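To start, the structure itself, in structure tokens.
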Ligand SMILES: [Zn+2]
């Protein structure tokens, strides 16, 4: 097999033997499109471009797995820097790397260890790149802990889909998204073919929003150590400003120590036991337990799917796999279904039913609280009598101040009529979403 | 007091939340022996070194080939021709300065013959790509010494792991959805006394709306029992009725309207989970019946001494209740009532621990062997204890497990077929000293030969029809992959096997018994009690 390779030390006899058996021989379980040929490995080595989103627990594993599976044109994007608590699983980082950008250290380690790799790092936010960047990849793999970032990538890949005049999808515009997630000994891997099967937003109910303790419990009737810690975080920090007028930094030991001490005092007043440093940091940072093994398993399951998608050597996962090894080793594979109402992957605006005298605030609350929407800070605009009108915009302070009064106005008073289209922007998606307000006297929401 | 957080504690923070400081301590004392360097086996070791296993020793006299350096992250291509064990040890040690590691090129078979005590100092032995004769020899030796053996390898898209452990006792199995231990149906005197001292009628509005649901349920339960000949609500219908009664307990205000009382709502929602009979779960009954639990001696392990104490505890009390767990779920309540209730449970749990401790004091030999922490942990986890025992490798090979055979016949496309195929690959290797389909030219003839192996094996199992039920596709697939070890499968198995090893070391969470098969073609997997 000829590989055009000018890098020293990247070619040696037998290097790809294992992969060649899979890619140059036919078998009973291959994808119908599969034609064994040395060209497939050549494509992997020299053409196939993959984006790895996240260079943390899953990202480090993914970079290793994909590089050893013959992919050499990998981009990795991560905005984080390395912390001591990453080292128990993020194996491309060492003690001396603490404080450096994860994406850069990970990429340079891979390029050094796996000869011929040209891993390219991006130390930035995913939102810092536009569609022209994301367009260049054959496959995108996510190893993230943030649902919002996952939804944004999902929305980006959906926005890249192109359709002909008959509404048929142009397959060359489709970029498969492979996504992994872990939490302690549990994890999941899934394959999303944007526009073809269930997307991230179709299955939002798989990621229930974080439940907060009721405010009255925290303020008046604490019973658990967590309640006391939340109290200090929400009330005491703001009031006492122990380190000046700054926000809590969960990685600053002095901050955590202060909160821990204040929470202990409160706990003692109520006879509550169990406030300690570890718990305090866990509550403040909302720490999710993590271990090397689960990250290895889920990243490998994702890398295996990338390999199948890139080579057609086997049929990709359809489309969701869950893993749990607390009691034995358990996996379950199923087909997550598309949600016809999904705003991210269906082009038709979704109807929202409200009473004409409902306040705009109720609409905003609905967008944030509804399980299938789970928006974070929606901005609403519409067209009234041919003019663009901003109803509410939270992210830009001057606009927020100007539009805040609208929240207490009724839809009718704002000039909204039955069937009015409202455009909503949110951090969970790079695209604007269209809703239709339907007036209904009985129901408050759809 | 605020504990000073050491560097180590910070580094391991995310996993300490899973197995605690005591789990970490045991892990840091563990010694691992890894036999044979493969992509799969170095991945297992990586996932043990990162969380801080004590030490490892790699046993492999082989030298690095081009294909070894192609799929293994811990073999350097510039070291082709050098010892695999040496290079892997060096690159793996970079992962964590807390871990000690070494290698030896001694021959496994010679060690087994001449120096079997070599293996006795290890906590767990991990092996990859062993021929069946050596595997059996090693397994028999370790079985004798009760040292767990984890064998794991990748074959094309299939991953294989076998855990051979004579006995593994788990105190902290960390079940996902355990019932709370509240004892509402068989309350202890201190709880009765406290709740009887509460008069819901005499409470003011604020107090009434903050009574913990436990108190509410207990009160309504007594009322129900009085009307039903001392019986608690049993079936679904009665429980539904009972829930309605609880909801009727909400205060009516002077305007004839129900007050907003969250605690009563919570009480009615908790009826099903809170009103559960105390009984000895099946897993525990088996432990009580175990010969090791009945006959305690100086040589008994702490687990069995404690199990014996637990059995006496149950027998000398009402034969159905275990030591009280002593934890209370969070519930809508004012702080004072909740903390008071919590203390009643805690105090009772402490008494139960003392009682159990008194039973095991009878064994003079154990004085000082068990820490208070260990006894407390045992009592808290009494209903979740697990004893795991696998069959030995010789049992597996001499006497095929009936449950597997039944499964294979009834379910044509089960992943268990891959177990059969890998057994046949072993036979093929024994016959021809190589794996099927390694050279493309041999595939056709190897398919025929492998089919013969399948026939032989299934005939020896006495399952006529199994060969016919199995599609030729499996034989074809095995031959075409030609023993390729692809990194995705190796890495998957590396994660799975490492966690099973950690379970074996820490005695927390429950390991599989027998074989685990991963099918990367379909992203499915199966555990088989072989
Ligand atoms: Zn969707």
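Quick check on the range B:497-510: of everything there that is facing another protein chain (nearest Cβ under 7 Å) and in contact with a helix residue (DSSP H, G or I) (Cβ under 6 Å, 6 or more places away or on another chain), which residue is surrounded by the fewest Cβ atoms within 10 Å (Cβ to Cβ)? Only one residue fits best here, namely B:509. Scanning the range B:70-116 for residues that are over 28 Å from residue A:18 (Cα atoms) and part of a helix (DSSP H, G or I) yields B:110, B:111, B:112, B:113, B:114, B:116.
Quick grid of which residues meet (1) modelled with pLDDT of 95 or more; (2) touching a helix residue (DSSP H, G or I) at 6+ places or on another chain (Cβ under 8 Å); (3) surrounded by fewer than 22 Cβ atoms within 10 Å (Cβ to Cβ):
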position: B:65; (1), (2), (3): yes, no, yes
position: B:68; (1), (2), (3): yes, yes, no
position: B:72; (1), (2), (3): yes, yes, no
position: B:76; (1), (2), (3): no, yes, yes
position: B:102; (1), (2), (3): yes, yes, yes
position: B:115; (1), (2), (3): yes, no, yes
position: B:124; (1), (2), (3): yes, yes, no
position: B:138; (1), (2), (3): yes, yes, no
position: B:141; (1), (2), (3): yes, yes, yes
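Could you look through the range A:141-162, keep only residues that are more than 16 Å from the ligand (Cβ to nearest atom) and assigned to a strand (DSSP E or B), and pick out the one that is surrounded by the fewest Cβ atoms within 10 Å (Cβ to Cβ)? This residue is A:143. Every residue in the range B:345-388 that is within 14 Å of chain A (Cβ to nearest Cβ) and either surrounded by fewer than 18 Cβ atoms within 10 Å (Cβ to Cβ) or on the phi > 0 side of the Ramachandran plot (or both), please. Passing the criteria: B:346, B:347, B:350. Within the range A:171-185, track down each residue that is without any contact (Cβ under 8 Å) to a residue 24 or more places away in the chain and within 15 Å of the ligand (Cβ to nearest atom). Correct list: A:174 only.
Out of A:168, A:188, one residue alone is in contact with a strand residue (DSSP E or B) (Cβ under 9 Å, 6 or more places away or on another chain) and either on the phi < 0 side of the Ramachandran plot or away from the ligand (no atom under 16 Å from the Cβ) (or both). It is A:188. Counting only strands (runs of 3 or more DSSP E) that sit wholly inside the range A:272-385, those with at least 2 residues that are out of contact with any helix residue (DSSP H, G or I) (no Cβ under 9 Å at 6 or more places or on another chain) and at the interface with chain B (Cβ under 9 Å from one of its Cβ atoms) are A:330-334. Once the range B:519-530 is narrowed to residues that are touching a helix residue (DSSP H, G or I) at 6+ places or on another chain (Cβ under 9 Å) and facing chain A (nearest Cβ under 8 Å), the residue that is farthest from residue B:374 (Cα to Cα) is B:521. Among the residues making up the range A:141-150, those that are under 10 Å from residue A:429 (Cα atoms) and at pLDDT 95 or above are A:149, A:150. The combined condition, being part of a loop (DSSP other than H, G, I, E, B) and more than 16 Å from the ligand (Cβ to nearest atom), is not fulfilled by residue A:389.
Applying the condition of being within 14 Å of another protein chain (Cβ to nearest Cβ) and within 27 Å of residue B:19 (Cα to Cα) to the range A:191-214 and asking which residue is farthest from the ligand (Cβ to nearest atom) yields A:213.
Please return the ranges of helices (runs of 4 or more DSSP H) entirely within the range A:1-113 where 3 or more residues are more than 13 Å from chain B (Cβ to nearest Cβ) and within 24 Å of residue B:481 (Cβ to Cβ).
Working: elements: A:17-23, A:38-46, A:57-68, A:102-113.
Passing ranges, in order: A:38-46.
If you go through the range A:376-411 one residue at a time, how many are touching a residue at least 40 places away in the same chain (Cβ under 8 Å) and loosely packed, with under 14 Cβ neighbours inside 10 Å?
Result for the range A:376-411: 1.
On inspection, residue A:344 qualifies as out of contact with any strand residue (DSSP E or B) (no Cβ under 7 Å at 6 or more places or on another chain) and at pLDDT below 95. Evaluated against (1) touching a residue at least 60 places away in the same chain (Cβ under 8 Å); (2) crowded, with 18+ Cβ neighbours inside 10 Å, residue A:322 falls short on exactly one condition, (2).
Report whether or not residue A:245 is more than 9 Å from chain B (Cβ to nearest Cβ) and modelled with pLDDT under 95. Before the answer, list the steps.
Values: more than 9 Å from chain B (Cβ to nearest Cβ): yes; modelled with pLDDT under 95: yes.
Taking the combined requirement at face value, the residue satisfies it.
Applying a threshold of 7 Å to beta carbon distances and a minimum spacing of six or more residues, or different chains, the list of pairs starting in the range B:406-417 at a residue that is under 14 Å from residue B:529 (Cβ atoms) and ending at one that is in a loop (DSSP other than H, G, I, E, B) reads B:407/B:414; B:408/B:414.
Number of residues in the range B:50-72 that are under 23 Å from the mean Cα position of the chain (by Cα) and facing chain A (nearest Cβ under 7 Å): the value is 2.
The values are calculated or read from the model by the stated rules, or taken from the named source; none is laboratory data. All figures in this text were calculated on a predicted structure; none of them were measured in a lab. Positions of Cβ are backbone-derived with ideal geometry, glycine not excepted, and every protein chain shown enters the neighbour counts.
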